[in-house]
Every structure is written in C-alpha cells, then in structure tokens.
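See structure below.
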2 protein chains.
Amino acid sequence: MRDSFHEDLDKISEQLVEMTRLAGSAMSRATTALLDADLKMAESVIAADEKIDALRQELDERSIDLLARQQPVATDLRMVVTAMRMSSDLERMGDLARHVAKVARLRYPDSAIHPVMRSTVLEMGQVAERIVAKAGSVIAGKDIATALALERDDDEMDRLHRDIFNMLMDGEWKYGTEAAVDATLVSRYYERFADHAVSVARRVVYLVTGEYRSEGDLDGEEL
Amino acid sequence: MRDSFHEDLDKISEQLVEMTRLAGSAMSRATTALLDADLKMAESVIAADEKIDALRQELDERSIDLLARQQPVATDLRMVVTAMRMSSDLERMGDLARHVAKVARLRYPDSAIHPVMRSTVLEMGQVAERIVAKAGSVIAGKDIATALALERDDDEMDRLHRDIFNMLMDGEWKYGTEAAVDATLVSRYYERFADHAVSVARRVVYLVTGEYRSEGDLDGEEL
C-alpha cells in the first residue's frame, strides 16, 4: 500500500495528465477553429481555458499543502517542486491554444490562415496534439523513451515554423500584411506550445535520471 | 538579529533584485542594438543571458535547499515558493531581451525596425526599463504602491503594442513583409517582458496582502 505522501503525489500526477488532455483538446479545437473559421469552436476554446487555469491553481495549492504537511526532502521534495513547474508549463500551453482561438475569432467570418499555408498549419496542429499526448504519457509512466521521441516532434514543429517564415520572407508574399502578421503570431504560438511540452518531458527525465537539459536551447531561433 | 531562515530569504530576495537589474540592462542594450543596428551590442546581450540563467538556477537550488533544511510552513513556505516563481518570470524576461537582440543581429547591418516605427519601439524600450526597475523596487521593499504604479506602465506598453499593430494593419503598410514580421515579433517580446514584470509585482502583492490577481488578464489581446 502507498503511504499518504505518495497517494497525494499520485493525485497530483493524475491532475497533470488531465491538464495535458485539456491543453491538447484546446489546441486541437483551436486549429479547427482557425482553419475552418469556426466562431463557435473558437469561443468554446477561449471559455474552456478557465478550466485549465483552475486546475493549475488547485494543483499548486495541493502541492503547497503537501509541502507544509509532509515536509518532504530529497527526491520527494523535488517531485513536488517539479510538479508545480509542470503545471505552469501546461497552464501556459492552454493560454497558447486560447491565443490561436482568438486569432480565429478576430478574422471571422474569414479564416486567418491563407490557403497557401493551410496544410502547414494543419500539420502544426497535428504535431501539437501528438506532442502534448506524449507529454501526458511521459508523466503517467515516467517514460524516458517517449520523452526522447517527443523531442523529435519538437524538431518537426521547429521545421514547420521555419517553413512559415520562409513563405513570408522569400520576397514573394502577396497576400497582404494582415495575413503575414496573423501567420507570424499563430506560428509562434504553436512553436511555443511544443517548447512547453518538451520542458514538461525534460522535467520528468530529470526526476528519473537526475539530468536536466536546460530550456536555453528550446526557444532559440524564431526566424 | 535575523534567524538563519530569514537570512537565507534575504539572500534570495537580493538575488531576485539582481536578476531584475540584469534583465533591465539586457533589454535596454537590446533596444539600442535593435535601433542602431549595433551588432557588438546584440552579441553582448545574447552572451549575457547565460548569467541570468545561471542566477536563476542558483536561486532555485538555494530555495529547494532552504525548503529541505528549514521545512517552512504557512507564510514562510509561500515566500520560498513565490521566489521560485519570480525567478522563472525574470529568467524569461532575460530570454525576451535575448530574442530582441537576435532580431537585431539577424538584420545587421540594417536596422530591423523601419524609421516610421522607431520612436514607438524606443518608447517600448523605455517602458521596459522602467517596469523592470519598479519590479526590483517592489521586491526589495515589499512595496505595494510601486506594484500598483507598475500596472500603469504595463497599460502603456499594451498601448504601444497596439500602436505597432495599427501601423501594420491599417492597409497602408508599404515597407515589406519582412519588416512587418520583425515588428510583430519584437513588439510581442516587449509586451511579454512587461507582462512578466507585472506578474512579479503581483506575486509580491500576494505575499503582503494575500490577494493575487490572476495572470489571465495579462496576455489577453495581442491584436
């Protein structure tokens, strides 16, 4: 039987996994809202972000309470602190999905994404869904192999992000400044979403192996 | 005489203030690098970010060590947890200054900022300097009045951010897509920099008053 501390920790871990599920669903629906100019779906993503924020707050309160009651040290202490950092990453991922939905809402009834970029943005949405699902598996199973696989999804996202900028920057862009500004922001939101998923995975790897790759190389090159 | 716990906490507080100083200096120099197309200065900002990252790591290790050794509860516990959150905000502010410097470097020997936007971006740099200096005062003096004043600087930053978008979006932009993309990203970096400063100030207010205004309304409207 697990002791009370580890039962609490299991509960925190479950809530983190639930946050990955909510963030993934939000980004998936935000992508649909964006590409199909679906106002109702955009609104639902924007409204649902409150739930992720509330879950984060609950999780953080639970963590602080756990620190106060159980006074963990060593690895146990690091697990609680790391959980709080992961909840911060996941809450931010929810924000980024909300941002994508807001761009969709702003351009309704048009789509903010020009048809020439549609397939690239669709792919960004799919990579976002995959990467956050993997982050959930990594948390649930302390799964180092999946954590490494997830880094490759991030490479894929960075490649798509560069594709978007190359389309904008090659001197041939003829679809207007507004579409360029929208694409710049949306592409950055997806790329940051993936960065935070990587950060979550690396924190789990750190707990398991003691090694942490810094975030420094994640958000390095935007252009 | 202060006890050992509060001495450690004072040391953490000093390091946070030092981080505000470094982040402020980085953004100030990044603004100069950007507006004057100063490659050497851009490189120095990019290189100096390591120092902020290292300070953050040191501060976090010190905080975890403090939790393990002293097992604080109630307000003392919250102060340590909050310090770790502030160090995360400040580290991110350093990243954002580095991003601005990287845009400057990318466009060298040109300036990434078109002359029509120069005065607006200059003002964003000045607001950024002011707001992070205030964040330092808020931390050092647990100063609620300055924390409130800082929110007005953030309103000013949001206004400047909107000015940039209005210039890009009014249908009259004739300086090319590359300049529009650069301005979009740079403007967002300044705006996020100010958001993190507000977040730092609100965390101090929370420690002093027990009331925390959520981050939800900070990064709401980009466009």
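Nothing in this text is a laboratory measurement; each read-out follows from the coordinates by a stated rule. Only a predicted model underlies this, so the values are computations on that prediction, with no experimental measurement involved. Backbone-built Cβ (ideal geometry, glycine too); neighbour counts: all protein chains shown.
Quick look at the values:
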{"quantity": "When the convex hull of its Cα atoms is projected in every direction, mean area for the protein assembly as shown (nm²)", "calculated": "20.4 nm²"}
{"quantity": "Neighbour cut-off at most 10 other Cβ (10 Å), DSSP loop, GluC sites (Glu not before Pro), the stretch B:169-213", "calculated": "B:GLU172, B:GLU211"}
{"quantity": "Nearby aspartates and glutamates by direct alpha-carbon distance to B:LYS174 (threshold 20 angstrom, same-chain neighbours under 8 apart not counted)", "calculated": "A:ASP170, A:GLU172, A:GLU178, A:ASP182, B:ASP110, B:ASP163, B:ASP182"}
{"quantity": "Degrees, to the nearest 10: A:115-141 long Cα axis against longest axis of chain A", "calculated": "0 degrees"}
{"quantity": "Across the identical copies, how the B:ARG21 labels are spaced - nm, sorted shortest first, 7 Å along Cα→Cβ", "calculated": "4.9"}
{"quantity": "Position A:LEU148, label points 7 Å along Cα→Cβ, spacing to each other copy in nm (shortest first, one decimal)", "calculated": "5.6"}
{"quantity": "For chain B, calculated [θ]222 nm from helices alone, where every DSSP H run of n ≥ 4 adds -39500 (n - 2.57)", "calculated": "-30000 deg cm²/dmol"}
{"quantity": "Peptide-level mean, for A:165-176, of C-beta atoms on other protein chains within 10 Å", "calculated": "3"}
